[in-house]
Amino acid sequence: MTTPRLAVRDVAKSFTMHLRDGICLRVLDGVTFTVAPGECVVLGGPSGAGKSSILKIVYGNYAADAGAIVVDGGQGGLDLATATPRAVLAARHATIGYVSQFLRVVPRVAARDIVAEPLILRGIDRDEATDRAEALLARLNLPARLWSLPPATFSGGEQQRINVARGFIARYPLLLLDEPTASLDAANRAVVVDLIREAKTEGGSFLGIFHDEAVRDAVADRVIDVTHFTPATP
Amino acid sequence: MSDVPILVAEGVTKHYGARLGCRDVGFELWPGEVLAVVGESGSGKTTLLNCLSARLRPTTGSIRYRMRDGAMRDLYTLEEAERRRLMRTDWGFVHQNPADGLRMTVSAGANVGERLMALGERHYGHIRDTALSWLERVEVATDRIDDDPRGFSGGMRQRLQIARNLVTRPRLVFMDEPTGGLDVSVQARLLDLLRGLVGELGMAVVIVTHDLAVARLLSDRMLVMKDGRVVESGLTDRVLDDPHAPYTQLLVSSILQA
């Protein structure tokens, strides 16, 4: 059996709201699953079941209360639940990418530079990184006249395509996708499906949330029902 | 990724008489890493910054810095001359008020060139060319090179201060509220500039700010301070999106959404 790209075991998550009399909100318990190299696993379940929270925990954006999250990009496993901030940053650099629902825009940074940045941070030549960014933006049908503009004023669908391009450009061994097609038209949804399929044939792994059933059916190898991880009410 | 930290603080405590400045602060900072220190006025973040940058001797605790030769040295056991040399060449310090970091009565070009001369550069043509290229990088019109900064706007002065600090390609830069007191549009330009330069030059940065948006944009990790102590630390986006300490939750929930 090959080593999983991602192995999540017994992860629990709660939020203690100190400003609300210390009320404790338990959102996940016993989260256990794996993602193999080249596999696309989809998190299913209704809104509020904790799907996005699982993605954020795997990215290190939320801290897990318990359990292990072992990611292996080929250089040996790293348990993100206990890793130092520095090790998490290194894993985000090399191994785990994350396409969030909304683009966090930086003032004055052009669309093409946002997309090229993960490559430049890896030391790839700026011209080459820019060429690859433009090729990906073209593939996602983003008009060339927008490439040099900061995306603050772009439409939701345009911003999402920039987010998708930024996630796919670096070919992370594990890419987390939070509704990457939610505000895309049919043609661009098809491009995203193709991008996922291509990356899978090269061994790329995905953990994603897709509300669009057609997209989910086109890319998912397995669907995990997140309601299994809903904490029992005390 | 470098395996050795450039700055190591352990148990840093500073008392002003009976009053506490900061207590028991410890962290490690690696080359290329940006650490934000956040907290409200009086939380001890400026005291900490002054201790870290060899400007204020802590009451107890140690701050060690990795010199260019690789040796870890305690800042407060360095000779005064060694410490000054560090400040002039290896380090930068960007003050909130540019007038504290610039020489206001000499030209913009001389402000940038001075630190090069401290490194032994003597060729006037080289110094002027380097100053010109740095003015361009920080978006100060190059025809202002012979003007002194008294005639500059707040944003221009701050950009000039940044050029003056970065021209020697320091390994470690301290910043004290670098965007404080600037208009929002000017802030955005400065933040973008800083973000680009930090990424490009790969220097380590300790930035003190009360603005969580600045911390999110620029830093990799952060320390949250209250009443002189660190109440929470970790990855910047983790601390901001999943704050654990009551005080951090209060800070995060107090931000106005624009």
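Only one of A:218, A:199 is crowded, with 19+ Cβ neighbours inside 10 Å and assigned to a helix (DSSP H, G or I). Can you tell me which? Full working, then the answer.
Working: A:218 fails: crowded, with 19+ Cβ neighbours inside 10 Å.
None of the other options fit; the residue is A:199.
Mind telling me which of the residues B:223, B:160, B:194 ends up being touching a Pro at 6+ places or on another chain (Cβ under 6 Å) and not in a loop (DSSP other than H, G, I, E, B)? Before the answer, list the steps.
Working: B:223 fails: touching a Pro at 6+ places or on another chain (Cβ under 6 Å); B:194 fails: touching a Pro at 6+ places or on another chain (Cβ under 6 Å).
It is B:160.
Here's the yes/no breakdown for (1) modelled with pLDDT under 95; (2) of a type in the set (A, V, I, L, M); (3) within 29 Å of residue A:212 (Cα to Cα); (4) in contact with a strand residue (DSSP E or B) (Cβ under 7 Å, 6 or more places away or on another chain):
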residue: A:28; (1), (2), (3), (4): no, yes, yes, yes
residue: A:46; (1), (2), (3), (4): yes, no, yes, no
residue: A:59; (1), (2), (3), (4): no, no, yes, yes
residue: A:64; (1), (2), (3), (4): no, yes, yes, yes
residue: A:67; (1), (2), (3), (4): no, no, no, yes
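Of all residues in region B:199-217, how many are surrounded by fewer than 22 Cβ atoms within 10 Å (Cβ to Cβ) and part of a helix (DSSP H, G or I)?
Qualifying residue count for the region: 7.
Got a number for residues in region A:120-143 being of a type in the set (A, V, I, L, M, F, W, C), modelled with pLDDT of 95 or more and under 27 Å from residue B:203 (Cβ atoms)?
Let us first name the residues in region A:120-143 that are of a type in the set (A, V, I, L, M, F, W, C), namely A:120-121, A:124, A:129, A:133, A:135-138, A:140, A:142.
Narrowing the set further to residues that are modelled with pLDDT of 95 or more leaves A:129, A:133, A:135-138, A:140, A:142.
Subsequent filtering for residues that are under 27 Å from residue B:203 (Cβ atoms) retains A:129, A:133.
Residues flagged as of a type in the set (A, V, I, L, M, F, W, C), modelled with pLDDT of 95 or more and under 27 Å from residue B:203 (Cβ atoms) within region A:120-143 amount to 2.
Can you name every residue in region B:48-68 that is part of a helix (DSSP H, G or I) and surrounded by fewer than 23 Cβ atoms within 10 Å (Cβ to Cβ)?
Answer for region B:48-68, where residues must be part of a helix (DSSP H, G or I) and surrounded by fewer than 23 Cβ atoms within 10 Å (Cβ to Cβ): B:49, B:50.
For region A:102-110, does any single residue satisfy the condition of being more than 25 Å from residue B:214 (Cα to Cα), surrounded by 18 or more Cβ atoms within 10 Å (Cβ to Cβ) and in contact (Cβ under 8 Å) with a residue 40 or more places away in the chain?
In the first step, residues of region A:102-110 are kept if they are more than 25 Å from residue B:214 (Cα to Cα); the result is none.
No, the conditions are met nowhere in region A:102-110.
Whether any residue in region B:216-226 is of a type in the set (A, V, I, L, M, F, W, C) and at pLDDT below 95 is what I want to check.
Filtering region B:216-226 for residues of a type in the set (A, V, I, L, M, F, W, C) gives B:217-218, B:222-225.
Next, only the ones that are at pLDDT below 95 stay: B:217-218.
The answer is yes, given that some residue of region B:216-226 is of a type in the set (A, V, I, L, M, F, W, C) and at pLDDT below 95.
Select from region A:161-192 the residues that are aromatic (Phe, Trp, Tyr) and surrounded by fewer than 21 Cβ atoms within 10 Å (Cβ to Cβ) and list them in ascending order. Write out each step before concluding.
Step one: list which residues in region A:161-192 are aromatic (Phe, Trp, Tyr), which gives A:168, A:172.
Matches in region A:161-192: none.
Can you tell me which residues in region A:93-112 are at the interface with chain B (Cβ under 9 Å from one of its Cβ atoms) and outside any loop (DSSP other than H, G, I, E, B)?
Once the filter is applied, which keeps residues that are at the interface with chain B (Cβ under 9 Å from one of its Cβ atoms) and outside any loop (DSSP other than H, G, I, E, B), region A:93-112 yields only A:93.
Name the residues in region A:80-92 that are facing chain B (nearest Cβ under 8 Å) and either among the hydrophobic types (A, V, I, L, M, F, W, C) or under 16 Å from residue A:57 (Cβ atoms) (or both), would you? Spell out the reasoning first.
Taking region A:80-92 first, the residues facing chain B (nearest Cβ under 8 Å) are A:85-86, A:88-90.
Those that are facing chain B (nearest Cβ under 8 Å) and either among the hydrophobic types (A, V, I, L, M, F, W, C) or under 16 Å from residue A:57 (Cβ atoms) (or both): A:85, A:88, A:89, A:90.
Taking the condition of a type in the set (D, E, K, R) and in contact with a Ser or Thr (Cβ under 7 Å, 6 or more places away or on another chain), does residue A:112 pass? Please lay out each step first, then the result.
Working: of a type in the set (D, E, K, R): yes; in contact with a Ser or Thr (Cβ under 7 Å, 6 or more places away or on another chain): yes.
For residue A:112, the condition - of a type in the set (D, E, K, R) and in contact with a Ser or Thr (Cβ under 7 Å, 6 or more places away or on another chain) - is met.
Which residues, taken from region B:80-106, are polar (S, T, N, Q) and either touching a Lys or Arg at 6+ places or on another chain (Cβ under 7 Å) or under 17 Å from residue B:158 (Cβ atoms) (or both)? Lay out the reasoning, then the answer.
Within region B:80-106, the first condition is being polar (S, T, N, Q), and the residues that meet it are B:89, B:96-97, B:105.
Hits for region B:80-106 are B:96, B:97.
Only residues that are part of a helix (DSSP H, G or I) and either more than 8 Å from every other protein chain (Cβ to nearest Cβ) or out of contact with any His (no Cβ under 9 Å at 6 or more places or on another chain) (or both): list them for region B:239-258, please. Walk me through it before giving the result.
Step one: list which residues in region B:239-258 are part of a helix (DSSP H, G or I), which gives B:239-241, B:246-253.
Of everything in region B:239-258, those that are part of a helix (DSSP H, G or I) and either more than 8 Å from every other protein chain (Cβ to nearest Cβ) or out of contact with any His (no Cβ under 9 Å at 6 or more places or on another chain) (or both) turn out to be B:239, B:240, B:241, B:247, B:248, B:251, B:252, B:253.
Checking the condition within 14 Å of chain A (Cβ to nearest Cβ) and among the acidic types (Asp, Glu), which residue from B:40, B:28 passes?
Just a single option satisfies the conditions, and that option is B:28.
The values are calculated or read from the model by the stated rules, or taken from the named source; none is laboratory data. This is a predicted model, so every value here is computed, not measured. As a convention, Cβ positions derive from the backbone with ideal geometry for all residues, glycine included, and neighbour counts pool all protein chains shown.
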